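Trainee: Sharing a structure here in structure tokens format.
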Amino acid sequence: MFAKAFRVKSNTAIKGSDRRDSWKLRWERIRHTWRKLRADVTTAFPTLGTDQVSELVPGKEDLNIVKLYAHKGDAVTVYVSGGNPILFELEKNLYPTVYTLWSYPDLLPTFTTWPPVLEKLVGGADLMLPGLVMPPAGLPQIQKGDLCAISLVGNRAPVAIGVAAMSTAEMLTSGLKGRGFSVLHTYQDHLWRSGNKSSLPSIAPLALNSADVCEEKGAVQVDSTLRGDMRHMTLEGEEENGEVHQVCEEKSLSEASEDTSIGGLNQDSTDGKTLQEQMDELLQRCFLHALKCRVKKADLPLLTSTFLGSHMFSCCPEGRQVDIKKSSYKKLSKFLQQMQQEQIIQVKELSKGVESIVAVDWKHPRITSFVMPEPSPTSQTIQEGSREQPYHPPDIKPLYCVPASMTLLFQESGHKKGSFLEGSEVRSIIINYAKKNDLVDTDNKNLVKLDPVLCDCILEKNEQHTVMKLPWDSLLARCLEKLQPAYQVTFPGQGPVVKKGKICPIDITLAQRASNKKVTVVRNLEAYGLDPYSVAAILQQRCQASTTVTPSPGAKDSLQVQIQGNQVHHLSWLLLEEYQLPRKHIQGLEKAPKPGKKK
């Protein structure tokens, strides 16, 4: 909320010295303000005792009441004491600032995350559940909508406050996936900057029993390895036009604390290989796997960026991640150049700055001898127990709804206004109606005579006295045109849902931003059961480009995903090949860059 500068509407100083003034009316108003604020604090934070409330809202110190507008237009009242904001009020709810929480660190239920996440929270991100660290005693018990504090590993001093998006039980049921907290205020944001800007204090974790101490030490050890190299998948990009970016992580860091690894590569490898050597091996393994199992001759020429994002990444073993920067090659172009020298592939620059794989020697010994490794039972168990279920596309069936103007035609078959019918049912009803009422022309069986009901239902006014017969195909086509469109969506494991109108296709467009950079925008993902945040996280990794999720203009309760650059190739592969969505439900795939054209 305070990631960007706010606008101050008013700043009213209530001074303790005013009590001794002779202005009784003003003094009564000041005393009422103090009493009301203390009462509100007592109600909002019942764990605080009377003495603590008096310490938080001292009667002898000056109090400033600042009314301001956050950068998104929210009206906020901030209470400032001793030069620091101590509380803020939003929509009649009272919230503590980090300055207050540093004095009362146990005021709110506290959840722990990793230090590198703080930078993203300060930038306006919400905290996703994969970013949580599971403490030895388990997560605090909360309900959806509860106010919570967020701290960093090894320090109990809160760095943010947020509202829980789900209860603890729901978090655990989800396998720690999805949005965890809507963050309202953080250390180092503009509200913190309005105070004395004091640094984050160090508050030692609460004492643990002997068994927990061992686990805590293990977590601290892992933190030292992950602190600089944590595997984040962040929907990055500058925060423009009030867009809120989300912090997503491909792998739960609580999982990472169990395998003490960086990106799935062991720090202390049993065979003595360095991290760089391990990454080189992983890179070549994914390269060969992709060529052997994913890339076809018809795919060539294939953009090298598409090869990496859509093919190599998806061939990465469970629990590991390809990071070229950690390999000895440092860049994809250098790695592919090495593979070209080994005569496995041929790479050409079809246009300036854009490289494509134009040929593959599938008979090369390294490809033919490559054996796909079987997943270990452990990784299978983890995948089955904690990973999200794979996406399956919904079954979408076009329907027709009977309008009032067509009721007479369909009432004989037992249907009324608002009934939903499949196309085959409509044809059967029309054919039976014509035969039952002897409307089939005896001289030409391909023609149907129009009775008054058919005339009223399917003919235009100027045709009422001129058109007496219609061919079967024309009659059926006209009837279908007069019916209202509808559709039925059935997701795996759920009952069918029927809606009027036509289902909107997934819409892919290219836009030019003020910086003259192209961005790819995807809309209507929710209609097909796709989570925009999950899709954005996948695309961010595969495209190696920043992504944002924002409200879709002109659409209620709908989100759009924006990816930097022309990423239609990656979207095409993800939606058509991996998610198996029918092409007819996706528009904009023709906007993919042609080989030889710069993105």
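The values are calculated or read from the model by the stated rules, or taken from the named source; none is laboratory data. It should be emphasised that the depicted structure is a prediction, and the values quoted were computed from it without experimental measurement. Backbone-built Cβ (ideal geometry, glycine too); neighbour counts: all protein chains shown. Just so you know, the surface numbers come from the protein's heavy atoms only, side chains and all, with ligands and any DNA or RNA stripped out. Shrake-Rupley method; radii C 1.70, N 1.55, O 1.52, S 1.80 Å.
Trainee: Explain nothing, just compute: Karplus ³J(HN,Hα) = 6.51 cos²θ - 1.76 cosθ + 1.60, θ = phi - 60°, for every residue of the stretch 41-47 in order, whole Hz, x for Gly and Pro.
Mentor: Couplings: 5, 4, 6, 6, 10, x, 6 Hz.
Trainee: Let me cross-check H392: its accessible surface, 1.4 Å probe, with only protein heavy atoms counted, in Å² to the nearest 10?
Mentor: The accessible area of H392 comes to roughly 110 Å².
Trainee: Going by average Cβ density within 10 Å per residue, which order do the peptides 153-164, 397-408 take, highest to lowest?
Mentor: Going from most to least packed, we get 153-164, 397-408.
Trainee: In square angstrom, what is the accessible area per residue of the stretch 477-588 with a 1.4 angstrom probe?
Mentor: Value returned for the stretch 477-588: 47 Å² of accessible area per residue.
Trainee: Among 552-565, 273-286, 299-312, 576-589, what's the highest-first ranking by average C-beta atoms within 10 angstrom per residue?
Mentor: In descending order of packing, they fall as 299-312, 273-286, 552-565, 576-589.
Trainee: For the stretch 462-476, in order, what is each residue's ³J(HN,Hα) by Karplus, 6.51 cos²θ - 1.76 cosθ + 1.60 with θ = phi - 60°, in whole Hz (x at glycine and Pro)?
Mentor: Listing the rounded values in order: 6, 9, 4, 10, 10, 9, 9, 9, 9, x, 4, 5, 5, 4, 5 Hz.
Trainee: Just how far, in whole angstrom, is the stretch 283-355 from the stretch 416-486 if you go by their alpha carbon centroids?
Mentor: With the stretch 416-486 and the stretch 283-355 each reduced to a Cα centre, they are spaced 58 Å.
Trainee: Continuing with the same structure: Can you tell me the order of 529-542, 321-334 when each peptide is scored by its average per-residue count of other Cβ atoms within 10 angstrom, highest first?
Mentor: The packing order, highest mean first, is 529-542, 321-334.
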